[in-house]
Amino acid sequence: MMELIKKLFAPIDMTVGRPGKQIVAFTIPMLIGNIAQQLYNTVDSIIVGRFVGDNALAAVGSAGPILNLLLVLFVGISVGAGIMVSQYFGARQRGELSKSIGCCITMTFASTVIVMVISPFVTMPLLRLLDTPESIIGWCWSYLMILFVGIAGCAFYNILGGILRGLGDSVSALVYLLVATVINIILDYVFVVYFRMGVNGVALATVIAQWVSAVLSFVKLCKMRDIFDMEKKYLVPEKSYMRNLIRLGLPSGVTQAIFSMSMIVVQSLTNSFGEMFIAANVIVMRVDGFAMMPAFSFGTAMTTYAGQNIGAKRMDRVVKGTKEGTAIAVGTSTVITALILLFGRYLMEIFTSTPELVDLSFNMMKILAVGYIAMEVTQCLSGVMRGAGDTVTPMWISMVTTVAIRIPLAYGIAYLTRSPELPGGDSACIFISLLISWVLGACITALCYKLGSWKKRAL
C-alpha cells in the first residue's frame, strides 16, 4: 500500500512510455485540481448570489478583470518556472534545476510585495474607469483589498504548483488544492451565513484557503531532496536564471496583461448593459471556467511534456505526443460542449432563482459552447510551443485575437445593433466577439505550430 502511495506522489518522467498515456495520466490530477481551483470563485458566487443577492453576485464578478490584471506578474513567473524546471528535469541537470527553483521562489516574493504596494492606489481608479455601478462599487473595492492583502498565498501556491508540475508531480498539487477548496467552502458558508460578512467574507475565506495550499506545496518541495536541493544559497538568484525566467515568463505575463486589459475594456461595455446583464455575465463566466478546464489542463500538460522531452532531446516524442494529446483534448471538449447544451439551464439555476437571469445566462452560454473545441487546439499547441521555450508566438497570437479581433468586434456589433428598444446595442455582442476570436485563434495557432520555428527555442 505504501509503495502505491509513493508511486502516486512520485514525479512522472514523460520522456519514456506511450506519449498519449503519459499525457492523460499527468492531465487527470491537474484537471481535477483546476476544477477545484475554479470552485474558489464559483462557491463565492453561489453563496453571495443566494445569501446576499444578485447585486453582490455582480460585485464579485466585476472585480475579476482587475484582479487578473494585477496577477500578471505571477502568471509570468509560473509559466517561466514550469518551462525551466521541466527542461532541466528532463536533461537531468540537478544544479541548474536547484538554482532555477530558488530563483522562482525569490522572484515570487518580490512580486507579492510589488502587488501589495500598488493595489490600494490603482483599484478604485480602475473601478471608476470601468463605470462600475455605484450600487456595487463599494463591495468590489473591499473584496479586492482583502484579496490583495493576502496575495502571497495565491502567488506562492500557483508558482510552487507550477514547479511541482514541471517536475512531473501533478498529484501533490491536486491534493493540496482539494484540502484548500474544502476549507474555502466551509469558511465561505460560515463567514457569509453566520457572521453576515457579505462579499468580504468570501474574500477572506479565499485568502485563508490559498495560504494553506501554499504552505503544503512548500513543505512538499522541501522533501524532494532526491531530485533537487532546497538550500538558502539557491534563493540568491543568479543573473542568467533571472534572465531565463524573464525571457520565458515575460511573454506569458504580457499575454495575461493584454487579456486582462481587453477584459477591462469589454467589462466597461458589459457594465453599460446594467446590473442584470453583469450578473448574467458572472454566471456564464463561472460555468465557462469549468468548461475551459480541460483546455487549460491539457495545455499545461503539453508544456511539461514538451519541456521534458526537449530537455532530453526527444523531438520525435514531442511531435507524436502533440498529435495524441490534442486529439484526446478535442474529444474531451466535444463531450463537454454537448453536456453544456443539454444541461446548461440547470447549471444557471445553481447561482440564482431569478427566472429572467437564468434565461439570459443560458442564451449567452449557448453562443460560446462550440468555441471550447477551438480552445483545446489553441491551448494544446500553444502549450507545446511554450514547453519548447517559445513563449513569444503565443503572446502575439493572443494580442491579435484579443486586441485586433475581439474588442473591435464587441464594440462594432454593439454599435450596429443599436435600436430604440436596444439603445446600447445587443448585449450578445460580448459573447459573439469572444467566440469568433477563439475560432480564429485556433486557426492561427495551428498555422504557427505547423511552420515549426518553435523547435529552435530550447534552453
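Every residue, every condition in (1) in contact with a His (Cβ under 8 Å, 6 or more places away or on another chain); (2) without any contact (Cβ under 8 Å) to a residue 24 or more places away in the chain; (3) closer than 19 Å to residue 112 by Cβ, yes or no:
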| position | (1), (2), (3) |
| --- | --- |
| 160 | no, no, yes |
| 165 | no, no, no |
| 170 | no, no, no |
| 180 | no, no, yes |
| 186 | no, yes, no |
| 194 | no, yes, no |
| 201 | no, yes, no |
| 208 | no, no, yes |
(message) Considering only the stretch 395-410, I want to know if a residue exists there that is at pLDDT 90 or above, in contact with a Phe, Trp or Tyr (Cβ under 8 Å, 6 or more places away or on another chain), open to solvent by less than 20 Å² (accessible area, probe 1.4 Å) and part of a helix (DSSP H, G or I).
(response) yes
(message) Just the residues that are open to solvent by less than 20 Å² (accessible area, probe 1.4 Å) and either small (Gly, Ala, Ser) or over 30 Å from residue 15 (Cβ atoms) (or both), please, taken from the stretch 71-92.
(response) 76, 80, 81, 82, 86, 90
(request) Return the residue satisfying two criteria in turn: it lies in the stretch 327-368 and is exposed (fewer than 14 other Cβ atoms within 10 Å of the Cβ) and acidic (Asp, Glu), and of such residues it is farthest from residue 292 (Cα to Cα). (result) 356
(request) Six or more apart or on different chains, Cβ under 8 Å: which pairs go from a residue in the stretch 11-29 that's within 19 Å of residue 294 (Cβ to Cβ) to one that's assigned to a helix (DSSP H, G or I) and acidic (Asp, Glu)? Could you list them? (result) 19/324; 20/324; 23/324
(request) Scan 383, 389 and give me the residue that is at pLDDT below 90, open to solvent by less than 10 Å² (accessible area, probe 1.4 Å) and either under 26 Å from residue 294 (Cβ atoms) or not in a helix (DSSP H, G or I) (or both). (result) 389
(request) Return yes when residue 127 is open to solvent by less than 10 Å² (accessible area, probe 1.4 Å) and either modelled with pLDDT of 85 or more or of a type in the set (S, T, N, Q) (or both) and no when it is not. (result) yes
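One line per residue, one yes/no per condition, for (1) free of Cβ contacts under 8 Å to residues at least 40 places away in the same chain; (2) of a type in the set (Gly, Ala, Ser); (3) on the phi < 0 side of the Ramachandran plot:
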position: 43; (1), (2), (3): no, no, yes
position: 53; (1), (2), (3): yes, yes, no
position: 67; (1), (2), (3): no, no, yes
position: 71; (1), (2), (3): no, no, yes
position: 77; (1), (2), (3): no, no, yes
position: 84; (1), (2), (3): no, no, yes
position: 110; (1), (2), (3): yes, yes, yes
position: 119; (1), (2), (3): no, yes, yes
position: 127; (1), (2), (3): no, no, yes
(request) Check the stretch 156-171 and report whether any residue there is out of contact with any helix residue (DSSP H, G or I) (no Cβ under 8 Å at 6 or more places or on another chain) and not charged (D, E, K, R). (result) no
(message) Just to be sure before I move on: is residue 45 in contact with a Lys or Arg (Cβ under 6 Å, 6 or more places away or on another chain), of a type outside the set (Lys, Arg) and farther than 20 Å from residue 394 by Cα in the structure I sent?
(response) yes
(message) Condition first: assigned to a helix (DSSP H, G or I) and either among the small types (Gly, Ala, Ser) or open to solvent by less than 10 Å² (accessible area, probe 1.4 Å) (or both). Now tell me which residues in the stretch 299-316 satisfy that.
(response) 299, 301, 302, 304, 305, 306, 307, 308, 309, 311
(message) Tell me whether the stretch 136-154 contains one or more residues that are crowded, with 16+ Cβ neighbours inside 10 Å and over 24 Å from the mean Cα position of the chain (by Cα).
(response) yes
(request) Six or more apart or on different chains, Cβ under 6 Å: which pairs go from a residue in the stretch 224-249 that's within 18 Å of residue 165 (Cα to Cα) to one that's in a loop (DSSP other than H, G, I, E, B)? Could you list them? (result) 248/391
(request) State all residues of the stretch 418-459 that are touching a Gly at 6+ places or on another chain (Cβ under 6 Å) and open to solvent by less than 50 Å² (accessible area, probe 1.4 Å); if no residue qualifies, say none. (result) 435, 438, 458
(message) For the stretch 207-245, give me the residue count where each residue is open to solvent by 10 Å² or more (accessible area, probe 1.4 Å), assigned to a helix (DSSP H, G or I) and in contact with a helix residue (DSSP H, G or I) (Cβ under 7 Å, 6 or more places away or on another chain).
(response) 13
(request) List the number of the failed condition for residue 319; all other conditions in (1) surrounded by fewer than 23 Cβ atoms within 10 Å (Cβ to Cβ); (2) under 27 Å from residue 80 (Cβ atoms); (3) aliphatic (A, V, I, L, M); (4) touching a helix residue (DSSP H, G or I) at 6+ places or on another chain (Cβ under 6 Å) hold. (result) (4)
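The values are calculated or read from the model by the stated rules, or taken from the named source; none is laboratory data. Note that this is a predicted model, so its numbers are computed, not measured. A quick note on method: Cβ atoms are made from the backbone with ideal geometry, for glycine too, and the neighbour counts reach across all protein chains shown. Please note that ligands, DNA and RNA were not included when accessible areas were found on the heavy atoms of the full protein model with its side chains. Shrake-Rupley method; radii C 1.70, N 1.55, O 1.52, S 1.80 Å.
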